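For reference, the structure discussed in these notes is given below.
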Amino acid sequence: MNIIPKIKTQRLAIKLKAKAEKFVKQGHPWVFEDSIAKQNREGNPGDIAILFDQRTDKVFAIGLYDPDSPIRIKVISSQPVTVDFDFYVKKIKNAYRIRKTLLATETDSYRLIFGENDGFPGLIADVYASVLVVKLYSTIWYPYLDMIFPQLLEVSGCQTLVLRLSRNLQKTESYRLSDGQVIHGVLDNEVVFFKEHGIRFSANVIHGHKTGYFLDHRHNRKRVGELSNGKTVLDVFSYAGGFSVHALAGGATEVISLDISAQALAVAVENGKLNPHNGVHTTMAVDAFIGLQKLIDSNKYFDIVVIDPPSFAKNTKEIETAKRSYARLATLGTQLVTKKGILILASCSSRIHAQSFFDISERNIRNTNRNFKVLEKTFHDSDHPIGFPEGAYLKCGYYRLD
């Protein structure tokens with residue numbers, strides 16, 4: 001890994017305002033710029049921020065300094081520690097330990113590092129069979145990659161490591177590192193095949209969204225597969241066909257994958273072919289709201305309708321618009337479900353709290369004069385642990401309609 005940069009860091013002595021200090025002591029990993037009360041010198045990306053108690057002058061937490069972000073300090077330890085190779089070895093081994101149960105389920109794809117929730121703010125590490133994909137969202141990690149990458153490879157047993165960079169990082173000084181760069185090993189094909197609960201999938205680890213695939217809905221996809229035998233299924237915002245593929249493999253007679261991206265739908269069709277099935281798989285390349293209305297107008301009904309949109313609220317200003325979008329989707333989806341059929345509504349917007357999302361969904365189902373029974377409500381799979389309030393984003397409701 002000679003291409004990994006060698007970057008020197010310095011130690012910063014920092015005191016926080018009282019409210020921020022309280023939050024960090026309660027386990028919150030973010031310190032905003034305006035929460036810093038004292039700082040002994042200017043900091044560079046990745047400098048070690050040592051947080052001192054205002055009253056006792058004792059160290060109570062350690063973070064990494066990020067001058068390019070309004071979240072100026074990302075906390076990596078809520079106690080005094082030495083940030084060295086052994087520190088990262090322990091953190092990565094702890095993260096892997098949480099995932100071990102999942103790996104006993106015919107699954108070789110999982111999130112090994114989930115950012116702040118595993119103590120690595122701005123760093124994601126996903127495993128696809130023998131390929132490890134690390135995505136960076138902050139320059140704070142460049143000084144530590146030579147310590148982190150070898151341990152991630154050792155713990156995961158992967159043979160290849162691919163680096164992905166966020167759009168922001170692609171525009172900044174990246175020390176000769178680039179998005180899609182193979183850091184370790186050989187990547188024979190940018191499309192990598194893997195399994196989740198025995199069902200085969202593919203991910204483009206170089207050009208796919210995020211690290212190539214969305215692993216967080218694994219449990220819900222499995223659940224849809226279990227419910228789909230002999231059923232007709234509509235998968236809205238299907239992307240690469242996660243729910244569609246499980247439905248087909250689970251015995252669905254007909255599956256329609258609906259997504260605005262024709263390119264993603266082509267991948268969904270190919271993923272569907274990776275597993276034996278007898279169902280008919282068709283696609284609709286159209287905006288979801290328009291596509292749902294078209295299906296309603298053509299009097300089409302499904303035994304199972306899955307609606308899993310992307311995040312509608314990327315900032316606080318978008319919250320109310322997001323709520324209206326979730327309401328519309330619940331209303332449209334309900335009209336496509338057969339009697340005794342199942343509507344599955346999901347949200348990945350962290351700014352929309354789970355109870356608020358479920359309330360919106362259920363209110364709008366009722367507004368269509370359909371009664372329902374809540375079958376279950378699910379949240380994060382085990383490889384997406386929640387370490388702080390903002391880390392909780394995924395929620396999914398299963399509703400059997402009258």
Qualifying residue in segment 85-106 (condition: within 19 Å of the chain's Cα centre (by Cα), under 23 Å from ASP179 (Cα atoms), at pLDDT 95 or above and among the aromatic types (Phe, Trp, Tyr)): no
Set GLY291, GLY279: member being open to solvent by less than 60 Å² (accessible area, probe 1.4 Å), closer than 17 Å to LYS231 by Cβ, more than 20 Å from the chain's Cα centre (by Cα) and at pLDDT 95 or above: GLY279
Per-region count, segment 16-40, residues farther than 17 Å from ASP68 by Cβ, open to solvent by 40 Å² or more (accessible area, probe 1.4 Å) and not small (Gly, Ala, Ser): 8
Residues being under 15 Å from SER347 (Cβ atoms) and either without any contact (Cβ under 8 Å) to a residue 12 or more places away in the chain or of a type outside the set (Val, Ile, Thr) (or both) - total across segment 357-374: 7
Residue match in segment 335-346 (condition: over 18 Å from LYS373 (Cα atoms) and either touching a Lys or Arg at 6+ places or on another chain (Cβ under 7 Å) or among the hydroxyl-bearing types (Ser, Thr, Tyr) (or both)): no
Residue check, LYS300 open to solvent by 10 Å² or more (accessible area, probe 1.4 Å), within 16 Å of LEU394 (Cα to Cα) and not polar (S, T, N, Q): no
Matching residues, segment 382-402, being open to solvent by less than 30 Å² (accessible area, probe 1.4 Å), under 29 Å from GLY341 (Cα atoms) and touching a residue at least 60 places away in the same chain (Cβ under 8 Å): LEU394, CYS396, TYR398, LEU401
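Would you say PHE60 is at pLDDT 95 or above, hydrophobic (A, V, I, L, M, F, W, C) and within 26 Å of the chain's Cα centre (by Cα)? Step through it out loud before you land on a result.
On the way: at pLDDT 95 or above: yes; hydrophobic (A, V, I, L, M, F, W, C): yes; within 26 Å of the chain's Cα centre (by Cα): no.
No, not satisfied.
Residues of segment 130-158 being in contact with a Ser or Thr (Cβ under 7 Å, 6 or more places away or on another chain), of a type outside the set (Lys, Arg) and open to solvent by less than 30 Å² (accessible area, probe 1.4 Å), which ones? Please lay out each step first, then the result.
We begin by selecting, within segment 130-158, every residue in contact with a Ser or Thr (Cβ under 7 Å, 6 or more places away or on another chain); these are 130-133, 135-139, 143, 158.
Remaining after also requiring of a type outside the set (Lys, Arg): 130-133, 136-139, 143, 158.
Result: VAL131, LEU132, VAL133, LEU136, SER138, THR139, PRO143, CYS158.
The values are calculated or read from the model by the stated rules, or taken from the named source; none is laboratory data. As the structure is a prediction and not an experimental result, all values here were calculated from the model. Glycine gets a Cβ as well: all are built from the backbone with ideal geometry, and neighbour counts include every protein chain shown. Heads up: the accessible areas ignore ligands, DNA and RNA and are worked out on the full protein's heavy atoms, side chains in. Shrake-Rupley method; radii C 1.70, N 1.55, O 1.52, S 1.80 Å.
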